[in-house]
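Values in this text are rule-based calculations from the coordinates and carry no lab data. Since we're looking at a predicted model, the values are computed, not measured. Glycine also receives a Cβ, built like all others from the backbone with ideal geometry; neighbour counts cover every protein chain displayed.
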Amino acid sequence: MLYLQSATKRTRWAVLGMLSAVMLAYLAAAAGFVTTLSAGFLAVFLLLWLFAWAGISDRRVLLTLVLATALVVLSVGVPSDGWDARSIWLFHGKRIFVDASLYSQLDGYAGWSQNDYPSFVPMMMAGLARLAGGWNELLPKVSGALLLLPALLVIALGFRQTSLLGLFFVPLLMLGGVHLINGYMDALVAVYATASVVAVSGMVASGRQTLFQYSVVYALLTAVLVLLKNEALVVAAAVFAAASLASFIRQRKLPMAMLSAFLLGLIPLVMWKWSVSSHNVVNDLAASNVLSQLRERLPNVFYSVFILEDLLLRLWVLLPLLAIVLMRGSLKMTSVQVALLASSAYCAVLYIVYLSTPHDVRWHLQTSSSRTVMPLAMMIVYAALASIDSQVSKLPALNVNERIQDDVR
Amino acid sequence: MKRAFTPFPTISAAAWLVLLASLCVAGWQLYTIGEISRFSVENAKSAFVPGAGRAESLPREVSQAAELVARNVPPGAPIRLDQSLNADALMQQRMWEHLYPVRFSQQDAVFEISRNPGPSSPSCRIIERGTHVVLAECH
């Protein structure tokens, strides 16, 4: 399972560099250096994005870079007309760009634009516009597609077989769809959640000898994930809880390295939440009466069946689950355990959220479930393909081939 | 001489087949995403031009309102939307976000944007009339 170790050095450095640069850009913006230091770190991120091409001798890296580049090109050439993309993310990005402040959205203006949402991707949008010399309706939303690369590379290096990575890209594109390029955060959340599963599974499998690199990658992935949107904190917590449980079962000990990395990854979000609360900005769902909605809907089985049916009766949930069940010994794999536990925990939270929504349940599901279910489906798809990957790699002839490839690396 | 059985060629061929099939489906998916999202090479070429993509991304009323406001409203002055535009959530949100840093205030503003033909109230003076929207000063 120490797949991250077998990656080419250049790609590993590119992943670490990109995640570090983009996080430094955010921290610089948080400290008030939006126009100078933050834009500079963003330029470093873009340079490292190009540097990642130095790892294309690894077919997995090549495949990932081709996909990421295609998504970036598509994103540049499509209009920015998605409702949430414009009303929330691009609007916040424009406000940061115009006012040169990461906290611009916290002044209470335009309350419909979910002003409590983290401004990480909007910070990137503002930075891109600054580097390009002005705001327009095409370039800023490319931030999302650019940010996919580091997480996709982490996932790519989690596979041994290039063919299975290629197979993973099919559900990735089908699940993410237009949300991979149109300035929405949901596909990014799903990809970063899956990358977190890969990194944290590596930590669990390596046990007490957890490599420092795993911890850093996991901390950075968590930091980016939780800053994508509010709901992502639930996904990150589900992945951490699942990995902690898997680790505790194996070693009968609390995984301190994992805990430290997770807590470190939460620091930027805690800083943001502190700013939000000091400006008295509240979330519309948080302001609703959750308990009374639950009390009203929980006794009615119809609601529960309706919600669970909508969340789980999907091709990219059922098909990978079937593959995992049919694959011998797959449930013993760390990544499968972590992905399944995290998906179950996240699904439980989604169920409670929809059951307690202040809106009409049917309307809320129709307008959002295809997006909120993405992390759940993508983690299960990864688990199924990682399981097949592991089975295929155990075949004797392929093991020889793998050893030769490892020697070459 | 009889060759020893090895699963390697079979697996390799299967792997290549899986990879090729996946790449075909992924390519088709990318094409579909581009089609649904109205990808155009012209857009991609103008990605670094300030203000590009406005016509493709916004309702015509919004782009026109931005032009009228830029020409006639002094910097820092708030503006408002007439009742029908304000009640249309799409128009309201697109106006607010696209015209930023111009701010909207239904209570304090004297400059009002309305759909053509504009306000009929005698307390309003039409400043500029566009093909879709009208900018007026209402007291």
At a 10 angstrom cut-off on C-beta neighbours, averaged per residue, how do the peptides A:158-169, A:322-333 rank from highest to lowest?
A:158-169, A:322-333
Per-residue HN-Hα couplings for segment A:99-114 [Karplus 6.51, -1.76, 1.60; θ = phi - 60°; Hz; x = Gly/Pro]:
8, 6, 9, 5, 9, 3, 6, 8, 8, x, 6, 6, x, 5, 8, 6
Pairs of alpha-carbon atoms within less than 8 angstrom and 6+ residues apart define the contacts here; what relative contact order does segment B:23-123 have, in percent?
26
Over what distance in Å are the Cα centres of segment A:44-73 and segment A:322-384 separated?
29
Determine the relative contact order of chain A: mean sequence separation of Cα pairs under 8 Å and six or more apart, normalised by residue count, in whole percent.
18
Among all cysteines in the protein assembly as shown, which have no other cysteine Cβ under 4.7 Å from their own Cβ?
A:C347, B:C24
Whether segment A:36-79 is rounded, prolate or oblate, judged on the alpha carbon gyration tensor where a/c under 1.5 counts as rounded:
oblate
Which percent, nearest 5, of DSSP beta bridges in the protein assembly as shown are antiparallel?
70
Can you tell me what share of the DSSP beta bridges in chain B is antiparallel? A percent to the nearest 5 is fine.
70
To make sure I understand, if each residue's beta carbon is the centre and we count other beta carbons within 10 Å, what order do A:H179, B:H139 fall in, fewest to most?
B:H139, A:H179
For segment A:156-169, in residue order, the Karplus 3J(HN,Hα) values (coefficients 6.51, -1.76, 1.60; θ = phi - 60°; whole Hz; Gly and Pro = x) are 4, 6, x, 9, 8, 9, 4, 4, 6, 5, x, 5, 5, 5
Classify chain A as rounded, prolate or oblate from the Cα gyration tensor: take a ≥ b ≥ c as the square roots of its eigenvalues, call it rounded if a/c is under 1.5, otherwise prolate when a/b beats b/c and oblate if not.
oblate
Once phi for every residue in segment A:18-34 is put through the Karplus expression 6.51 cos²θ - 1.76 cosθ + 1.60 (θ = phi - 60°), the whole-Hz ³J(HN,Hα) values, with Gly and Pro written as x, are 4, 5, 5, 4, 6, 6, 5, 4, 5, 5, 5, 5, 5, 7, x, 9, 5
Calculate the mean, over all residues of peptide A:174-184, of how many other protein chain Cβ atoms lie within 10 angstrom of the residue's Cβ.
3
May I ask you to sort A:W274, A:W89 by Cβ crowding, counting other Cβ atoms within 10 Å and putting the fewest first?
A:W274, A:W89
Mind sorting A:Y303, A:Y354 by how few other Cβ atoms lie within 10 Å of their own Cβ, fewest first?
A:Y303, A:Y354
Pairwise centroid distance, computed over Cα atoms, of segment B:34-58 with segment A:151-172, Å
30
Rounded if a/c is under 1.5, else prolate if a/b is larger than b/c, else oblate: which is segment A:212-365, with a ≥ b ≥ c the root eigenvalues of its Cα gyration tensor?
oblate
